[in-house]
Each structure stands twice: as C-alpha cells, then as structure tokens.
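One structure is given below, encoded as structure tokens.
The values are calculated or read from the model by the stated rules, or taken from the named source; none is laboratory data. Everything numeric here is computed off the predicted structure, so don't read it as measured data. So basically every Cβ, Gly included, is an ideal-geometry build from the backbone, and we count neighbours across all protein chains shown. Each accessible area value is taken on the protein alone, full model and side chains, heavy atoms only, with ligands, DNA and RNA left out. Shrake-Rupley method; radii C 1.70, N 1.55, O 1.52, S 1.80 Å.
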Amino acid sequence: MSSSESESNLPSAEECQQRSQEFAQITGTDTALAMFYLQDRDWELQRALNSFFEELGSQPGGLGMSTDKTAELEPSEQSLGKASAAVPDPEPHRIRLISWNIDGLDEKSIINRTKAVCKIITKEKPDVVFLQEVIPPTLELIETKCPAYTCLQASDEDYFTCILIKNSSVKYTDHKVSPFPSSVMMRTLQTVSATVKGVPMSLMTSHLESTKDHGDERKRQLLTAFKEMSGCGSDKTVVFGGDLNLRDKEVTACPGDVFDLWEMTGSRPEAKYTWDMSRNDNLKLAGKFRPKCRFDRLYIKHSTPMQLKPVYFELIGLERLASCQRFPSDHWGLLVHFDVV
C-alpha cells in the first residue's frame with residue numbers, strides 16, 4: 001500500500017484525538033504517550049492498549065487505580081503520582097522536553113493563563129521545561145502548582161528564563177547564567193548540567209534579543225549559544241532552545257554538529273509556526289495582516305555514541321481558555337519527545 005493510500009485510511013483528526021484521550025484515560029498516562037502507541041498501530045485503540053499493558057506487565061487498572069477513578073482525577077493529581085507512586089516509570093525509554101514563552105509581560109488574565117501553563121505541564125509530565133518571560137509573581141505560582149519540579153531561575157527581577165527539572169527523573173550538578181555582553185534587553189544564556197533518566201545532558205535556554213531592529217545582536221547571541229553547544233564534551237547530549245525570535249533568513253546554517261529538532265522530526269508544517277497571529281489573537285494588531293513566525297526553536301547536539309533519538313515534535317497551548325477566552329500565551333509551546341537509545 002502506498003503512503004497516500006495508508007494516510008487516506010487513517011481516522012479523522014477528531015477521531016484520533018478522541019482515541020488518544022480514551023487511551024490516556026484507561027492507562028492513567030497522557031495523550032502524548034497515547035499518540036506514540038496509536039500511531040504505531042494504525043490508530044487501533046485495542047491494539048495500542050494491548051501493547052501498552054503487555055510492555056508494562058499488567059492489565060487495565062494495573063497502574064494502581066480503576067479506569068473509573070482515572071477519569072475522575074485532575075491531570076495535576078495524576079502528575080503528582082498519588083495513584084502510581086509505587087509503580088516504576090512506565091516510560092523509562094522516553095524523555096520529554098517543553099519550551100515555552102509564557103508571556104509574563106502581558107498582564108491581562110495572567111493568573112489564569114499561568115495556571116493553564118502549569119496544568120499543561122502537569123498533564124504532559126515533561127522531564128525538562130524551558131520557560132521564557134517568567135516574572136516573580138508567575139514564578140511563585142509555577143513553584144506552587146508544579147511541586148514535582150525544581151525551578152532554576154536566571155534572575156529574580158523584571159522578566160527572565162527558568163528551567164524546570166522533574167525531581168523523579170532529573171539530577172542536576174551545575175547551574176549557571178551567562179549574560180550576553182552586548183544585550184540591551186538583559187538577555188542571558190541559562191545552562192543546567194544534569195542527568196536525565198541516566199543520560200548526561202547540558203540543558204540550555206535563552207530569550208534572544210527581540211524585534212526586527214535588533215537582528216544583528218540576536219545573531220551574535222545565537223552564535224554564542226551554538227559555540228557553547230559545540231564546546232560541550234562528546235559524552236553529553238546538548239539541547240538548546242527557547243524564544244529565539246529568529247527570522248529564517250537569520251539562520252543561514254547551523255554548525256555541523258548542531259541540528260534543528262523541528263527539522264529532524266519531519267518538519268511537519270502544522271508544528272512550524274510558534275507565533276501565529278492567524279490562529280492566536282492574544283495580541284491585537286491593527287489592519288488585516290496577521291504574521292506568523294517560527295520564533296521558538298530547539299536545537300540538539302548529540303553525544304558520542306548517540307544516546308537520544310528525537311521522535312516527535314508538537315505544539316501545545318492551542319486551546320482557548322474558557323475562563324478568559326484567551327490562550328495561555330501569545331506563543332504556542334514546543335513539546336519534543338526523545339527515545340533513549
């Protein structure tokens with residue numbers, strides 16, 4: 001069967017989402033894991049469930065709860081492990097990382113929007129989170145709503161970046177913040193050295209200089225980050241990213257050992273634009289023009305031998321909040337999935 005014939009037999013996007021939610025509800029996991037199992041099994045729910053429980057060595061309810069109870073729990077309760085604290089990690093081979101500019105500079109609905117960000121984090125259960133445009137009040141809320149994580153902040157004034165690391169799967173040994181010397185916006189490169197599920201990693205985030213007029217400074221900052229990546233030892237996997245404010249023409253080429261994770265995972269067009277005013281109306285512009293840009297990016301430098309394989313890249317935060325009729329941020333978040341190899 002050809003690829004086009006195979007794709008034509010797939011369920012609709014709505015049906016795929018429904019099956020992902022059913023899988024997550026029954027297994028007590030989340031929709032990201034559901035998608036991995038369903039995609040590999042032609043979106044057949046029963047086949048995916050059978051494979052999941054065979055690999056886990058249990059039956060439905062084997063996560064320490066009934067399926068009815070799973071449906072009643074809030075995602076945050078599940079993420080805290082109240083129902084499965086005694087169960088080994090069901091995904092020891094998988095690492096997830098989120099990067100998101102959470103728009104702390106927009107005061108409108110900021111509490112509700114930040115709570116939504118926290119809810120998505122606890123639902124997706126990433127091992128590492130890169131956040132940009134965090135401010136002191138939202139930092140306090142994040143630390144309260146995401147107790148399963150240690151929050152390492154680049155500053156405590158104005159707005160800044162943070163790296164959240166999951167306490168159950170990440171052990172960090174070093175944290176440093178390096179200011180960009182010629183930045184006029186107090187931008188920095190934040191780096192955490194850690195072991196994630198046994199994989200040595202260097203985790204780097206930044207919010208590069210903003211606006212079109214500061215393109216030269218932004219390119220200098222990007223080159224600095226790439227140099228730091230390339231300078232890391234070959235025993236470490238390096239992931240760098242954040243709201244890089246990049247225009248495509250500003251990235252002529254990456255160093256030979258650095259790769260764009262969106263490109264590595266198939267360059268799916270639906271996951272390309274992270275600041276998309278044709279879909280996200282948190283920020284209002286006069287006129288009819290609605291720009292869309294790939295401002296937020298993630299890059300990887302592999303260890304030798306390679307220890308992580310990027311397998312999926314998606315956008316998050318796409319649903320409008322009922323409480324305020326706005327999105328969690330004017331940026332979509334990035335969620336990338338890796339397999340430990």
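From the list A271, A194, exactly one residue is at pLDDT 95 or above and closer than 20 Å to L164 by Cβ. Which is it? On inspection, the qualifying residue turns out to be A194.
Can you tell me which residue in the range 98-126 is nearest to S155 (Cα to Cα), limited to those that are assigned to a helix (DSSP H, G or I) and among the hydroxyl-bearing types (S, T, Y)? Reasoning before the result, please.
The initial filter retains those residues of the range 98-126 that are assigned to a helix (DSSP H, G or I), namely 110-124.
Narrowing the set further to residues that are among the hydroxyl-bearing types (S, T, Y) leaves 114, 122.
On the way: T114: 18, T122: 24 Å.
Taking the candidates together, the pick is T114.
Regarding P126, is this residue touching a residue at least 12 places away in the same chain (Cβ under 8 Å), open to solvent by less than 40 Å² (accessible area, probe 1.4 Å) and not β-branched (V, I, T)? Considered against the rule, which asks whether it is touching a residue at least 12 places away in the same chain (Cβ under 8 Å), open to solvent by less than 40 Å² (accessible area, probe 1.4 Å) and not β-branched (V, I, T), P126 comes out as yes. Does S66 satisfy the criteria of being over 25 Å from the mean Cα position of the chain (by Cα) and either crowded, with 18+ Cβ neighbours inside 10 Å or at pLDDT below 75 (or both)? Yes: the conditions hold for S66.
Scanning the range 234-245 for residues that are of a type in the set (D, E) and assigned to a loop (DSSP other than H, G, I, E, B) turns up just one, D235. Scanning the range 112-147 for residues that are among the acidic types (D, E) and closer than 18 Å to E319 by Cβ gives a single hit, E124.
Residues are listed down the side, and each one gets a yes or a no for (1) open to solvent by less than 70 Å² (accessible area, probe 1.4 Å); (2) of a type in the set (K, R); (3) within 22 Å of F259 (Cβ to Cβ); (4) over 16 Å from the mean Cα position of the chain (by Cα):
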residue	(1), (2), (3), (4)
L315	yes, no, yes, no
E319	no, no, no, no
A322	no, no, no, yes
V336	yes, no, yes, no
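All conditions in (1) within 19 Å of S168 (Cβ to Cβ); (2) at pLDDT 75 or above; (3) surrounded by 19 or more Cβ atoms within 10 Å (Cβ to Cβ) hold for H93, with the sole exception of (3). Residues of the range 190-224 being of a type outside the set (V, I, T) and under 26 Å from K309 (Cβ atoms), which ones? Correct list: Q190, S193, A194, K197, G198, P200, M201, S202, L203, M204, S206, L222.
Looking at I142, I135, I120, which is the one that is under 16 Å from the mean Cα position of the chain (by Cα) and without any contact (Cβ under 8 Å) to a residue 60 or more places away in the chain?
I142
When the range 306-336 is filtered for residues that are charged (D, E, K, R) and in contact (Cβ under 8 Å) with a residue 24 or more places away in the chain, the ones remaining, listed by number, are K309, E314, R326, D330.
When the residues of the range 133-146 are filtered to those that are out of contact with any strand residue (DSSP E or B) (no Cβ under 7 Å at 6 or more places or on another chain) and either modelled with pLDDT under 95 or of a type in the set (D, E, K, R) (or both), the one that is least open to solvent (accessible area, probe 1.4 Å) is K145.
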